[in-house]
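A short worksheet on the structure shown next.
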Amino acid sequence: MTVDTTPPWDDVRNYVDGDWRVPDGEDGQDVVDPATGETLARVGFSSDDEVDEAVRAGQAAFETWQSTPVEERIQPLFELKQLLEAHQDELAEVLVREHGKTFAEAKGELRRGIENVEVACGIPSMMQAGHLPNAAPGIDETAVRKPLGVFTAITPFNFPGMIPLWFLPYAVATGNAFVLKPSEQDPVVAERMFELVDEAGFPDGVVQLVHGGVDTVNALLDHEGIEGASFVGSTPVARQVYERAAANGKRAQAQGGAKNHVIVTETANLDFAAEKTVGSAFACGGERCLANDVAVVEDDVYEEFVDRVVEVSAAQTVGNGLDDGTDIGALITPDHEQRVRDMIASGVEEGAELLLDGRDVAVEGYEDGNFLGPTVFGDVDPEMTIAREEIFGPVLGLVRVGDLDEAIDVLNRSDFGNAASLFTGRGADAKRVRHEADVGNLGVNAGTAAPMAFFHFGGRKDSFFGDLHAQGEDMIHFYTDETVYIERWPDRES
Ligand code: NAD
């Protein structure tokens, strides 16, 4: 099979019960290339009836899928891994066209997605619970994990290839059926990935794709046939989705927005720290929940670190993500670009020192693209808007602190708790930050604290609502419920 990478594309389709259908809801929107302004496709929003059909198809498939031997359930996942790898370049091209990030970043996110398929292939071992002979006099006890039914995941625009794979492989490997509702802003890569899902050999109804916006999400959250919902997106919506799912008696996990800090101590390797900080802040145009966009720097090395950061930042090339040499691609929409511009304006108004201004960037040949160059602020006060709110653009702020105590305090005062990084040459500093930083993912001498798929993806405070996280073993617990068998078999004589 081939993956169609050449736009314009036909209307984006749902995948329900093994069939492809264009959503028939009244609403919808254009899918637009952020680098060129070209319309690539149209995505319609699924109606309540279409959501109902997808959930019912999942329920019907679950009847058999839940008791299909686990070894058989993972065979389509092995196939899916091969297909995703074989078509990684084409998927990456589609992803760049509708998202705007660079080709290398798109390939990288797909690799991180495939990693989750690989981990889920280990479900026969991971899904085992426990057995204890003689747990009580004459009694053996056995815990088993059982799948529950139909689960849904609602995913954001910024990693449209990877984030659906934080959930789908684990949901189906554990014996559940699954409905994905991807972002309406870049839904084509999900459709292309589902062409591979279709090819991989899952029974009809086990895996479904429905497109849509707010109403489609609410129809999923209100449907009595949905056992649980995973959400990844902005904090206000994460909170809302978590509350609605919970009010409807469903399992829920909702990952929200972020504001991540990097701490640079006086013993850090400053060249390395500057390079990694710039990479973390500006990769994917800053549209990453793991972007470290506030650098908290010890006074003794502040000036030196600032010079290096500005130098590395100024060398970044802004352009179309499909063109060689591009470091920073386009932002998702003109509205989002304007929001980031407004944040930069607020930084200037609130008194931060604008060390590098990306607002005048011009990308030849792409005058209709949503581009912003790397922007660096110095002397940022932790109370400024640019230091407190998620920007989701290529903007980095530098905060000067007296010592590590003050740095940890700045980090922990944030409303968010997704991730942080520490650059230091001193083990004792690392030990302290590991102990005291209130974040779900912490990098030590690592610019972007992204856990591999066999670890869960953490998050605290306004960055996460729930208890079990995406990826890894947490997903097994989210997608199953444990029954404990308590057995006594008295001897004939007793
Ligand atoms: P978003 O919240 O606008 O949308 C996410 C999903 O929710 C989409 O599928 C969208 O259709 C749906 N949605 C939007 N508004 C809704 C509403 N009112 N009710 C119900 N559903 C709604 O987020 P986005 O702009 O697509 O993604 C960017 C955000 O995601 C950033 O805040 C980023 O930090 C966050 N994010 C977090 C993580 C994490 O792991 N914590 C990972 C990636 C992205």
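The values are calculated or read from the model by the stated rules, or taken from the named source; none is laboratory data. Note that the structure is predicted; figures quoted are calculated from it, not measured. Neighbour counts run over all protein chains shown; Cβ positions are idealised from the backbone, glycine included. Areas reflect the complete protein model, heavy atoms only, side chains present, ligands, DNA and RNA absent. Shrake-Rupley method; radii C 1.70, N 1.55, O 1.52, S 1.80 Å.
Under the criterion of Cα pairs below 8 Å and six or more residues apart, the relative contact order for the chain equals 18 percent.
Given a 1.4 Å probe, how much area per residue of segment 1-160 is accessible, in Å²?
43
Comparing Cα centroids, segment 2-22 and segment 237-257 end up 29 angstrom apart.
Cross-linked pairs Lys101/Lys259; Lys101/Lys181; Lys146/Lys461: Cα-Cα separations exceed 28 Å for Lys146/Lys461. Working note: Karplus 6.51/-1.76/1.60 with θ = phi - 60° gives segment 7-13 the couplings x, x, 9, 5, 3, 5, 10 Hz, where Gly and Pro are set to x.
Per-atom-type breakdown for the chain gives carbon and sulfur 46% of the accessible area (1.4 Å probe, protein chains only). Note on segment 260-444: the alpha carbon radius of gyration divided by the globular reference 2.2 N^0.38 Å gives 0.99. The charge dipole of the chain, taken about its Cα centre with unit charges on the Cβ of Lys, Arg, Asp and Glu (plus for the first two, minus for the last two), comes to roughly 1440 debye. Computed over the chain, the convex hull of the alpha-carbon atoms projects to a mean area of 25.3 nm². Think of segment 69-214 as a dipole: +1 on every Lys or Arg Cβ, -1 on every Asp or Glu Cβ, centred on the Cα centre; then among Gly108, Phe157, Gln82, Phe157 lies furthest on the positive end.
Surface exposure of segment 260-444, expressed per residue as accessible area with a 1.4 Å probe, stands at 40 Å².
Given Cα pairs under 8 Å that are at least 6 residues apart, what percent is the relative contact order of segment 260-444?
29
For Ile139, nonlocal amide neighbours, meaning residues 5 or more places apart or on other chains whose placed amide H falls under 5 Å from its own, are Asn134. Residues whose amide H falls under 5 Å from that of Gly397, counting only those 5 or more places apart or on a different chain, are Val294, Ala295, Phe377, with hydrogens built in the peptide plane. Taking amide H as placed 1.01 Å from N in the peptide plane, Val31 has its amide H under 5 Å from the amide H of Leu40, Ala41, Arg42, Val43, each at least 5 places away in sequence or on another chain.
When the residues Leu354, Leu77 are ordered by accessible surface, computed with a 1.4 Å probe over the protein chains alone, the sequence from largest down reads Leu354, Leu77. What separates the Cα centres of segment 89-109 and segment 293-334 is a distance of 20 Å.
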